[in-house]
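Remarks on the structure that follows.
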Amino acid sequence: MNRTLRLAQQEDADELLGRSPLAALVGMLLDQQIPMERAFAGPRTIADRLGRDDLDAREIAACPPEEFEAVLAAKPAVHRFPAAMAKRVQQLCQYLVEHYDGDAEALWRDADTGADLLKRVNALPGFGKQKAQILVALLGKRLGVTPQGWREAAGAYGEEGSYRSVADITGPESLARVRATKQEAKRGRS
């Protein structure tokens, strides 16, 4: 995997997201209750604080919980809820170690269909249906992971030309369009 992503809107963080399947998964997991750019910058911050150039599922899974929590809680905190998110990131990494030998890319590498891919992603700790569909869309639209039926599995997030989620962001202009779409949707629910 070596693609260009513009989710963190920071060159070094986006570079890591584009080459590291685990970083992309962790960024997606962190993307809740904080600005999207901050969430997707989180994997770079975690890697830097661990003194690494990438994230390693085995290392994170094996880290004592209080030590890993301190990594996320150091100022500035990686997330608004560093303790809870440290636990979720470790659970994600433990799952990847148990089910995919620590290889995050194996999650999608041999998925036969979009439905299979969605099922695999939905089984990840911290990924509900919506987050799983958004990740399937991100994989298909930005990372070239396109098993048969991936757009259908991603639901509305897989639609070509949409501006609904991180899967549709290619730079500042599309980020603004995604934000506008989300604001419009919120107004419609009010």
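Restricting attention to region 135-145, which residues are touching a Leu at 6+ places or on another chain (Cβ under 8 Å) and either without any contact (Cβ under 8 Å) to a residue 60 or more places away in the chain or open to solvent by less than 10 Å² (accessible area, probe 1.4 Å) (or both)?
L135, V136, L139, V145
Here's a check for you: in region 101-118, which residue that is in contact (Cβ under 8 Å) with a residue 12 or more places away in the chain and either assigned to a helix (DSSP H, G or I) or closer than 17 Å to A167 by Cβ (or both) is most open to solvent (accessible area, probe 1.4 Å)?
Looking at the filtered set, the residue picked out is A115.
Which of (1) touching a helix residue (DSSP H, G or I) at 6+ places or on another chain (Cβ under 6 Å); (2) more than 21 Å from A123 (Cβ to Cβ); (3) surrounded by 17 or more Cβ atoms within 10 Å (Cβ to Cβ) does A23 not meet, given it meets every other one?
Here A23 meets the rest and fails (2).
Which residue out of V178, V121 is under 13 Å from the mean Cα position of the chain (by Cα) and in a helix (DSSP H, G or I)? Working first, answer last.
On the way: V178 fails: under 13 Å from the mean Cα position of the chain (by Cα).
None of the others qualify; the one that does is V121.
Identify the single condition in (1) touching a helix residue (DSSP H, G or I) at 6+ places or on another chain (Cβ under 6 Å); (2) within 18 Å of Q32 (Cβ to Cβ); (3) of a type in the set (S, T, N, Q) that Q94 does not satisfy, given that it satisfies every other one.
Condition not satisfied by Q94: (2).
Does region 1-19 contain any residue that is under 23 Å from Y163 (Cα atoms), of a type outside the set (S, T, N, Q), open to solvent by 20 Å² or more (accessible area, probe 1.4 Å) and under 13 Å from the mean Cα position of the chain (by Cα)?
Among the residues of region 1-19, at least one is under 23 Å from Y163 (Cα atoms), of a type outside the set (S, T, N, Q), open to solvent by 20 Å² or more (accessible area, probe 1.4 Å) and under 13 Å from the mean Cα position of the chain (by Cα), which makes the answer yes.
If you go through region 147-169, how many residues are surrounded by 15 or more Cβ atoms within 10 Å (Cβ to Cβ) and part of a loop (DSSP other than H, G, I, E, B)?
Residues flagged as surrounded by 15 or more Cβ atoms within 10 Å (Cβ to Cβ) and part of a loop (DSSP other than H, G, I, E, B) within region 147-169 amount to 8.
Answer yes or no as to whether K129 is out of contact with any Ser or Thr (no Cβ under 8 Å at 6 or more places or on another chain), among the basic types (K, R), modelled with pLDDT of 95 or more and surrounded by fewer than 22 Cβ atoms within 10 Å (Cβ to Cβ).
Details: out of contact with any Ser or Thr (no Cβ under 8 Å at 6 or more places or on another chain): yes; among the basic types (K, R): yes; modelled with pLDDT of 95 or more: yes; surrounded by fewer than 22 Cβ atoms within 10 Å (Cβ to Cβ): yes.
Here the answer is yes, as K129 does meet what is asked.
Mind telling me which of the residues A83, A70, A47 ends up being farther than 30 Å from E160 by Cα, out of contact with any Ser or Thr (no Cβ under 8 Å at 6 or more places or on another chain), surrounded by 21 or more Cβ atoms within 10 Å (Cβ to Cβ) and modelled with pLDDT of 95 or more?
A47
Residues of region 6-22 being more than 19 Å from K141 (Cβ to Cβ) and part of a loop (DSSP other than H, G, I, E, B), which ones?
Q10
The values are calculated or read from the model by the stated rules, or taken from the named source; none is laboratory data. Worth saying up front: this structure is predicted, and the values here are computed from it rather than measured. When we count neighbours, we look across all protein chains shown, and the Cβ atoms used for this are built from the backbone with ideal geometry, even at glycine. Keep in mind that these areas ignore ligands, DNA and RNA; they rest on the heavy atoms of the full protein, side chains included. Shrake-Rupley method; radii C 1.70, N 1.55, O 1.52, S 1.80 Å.
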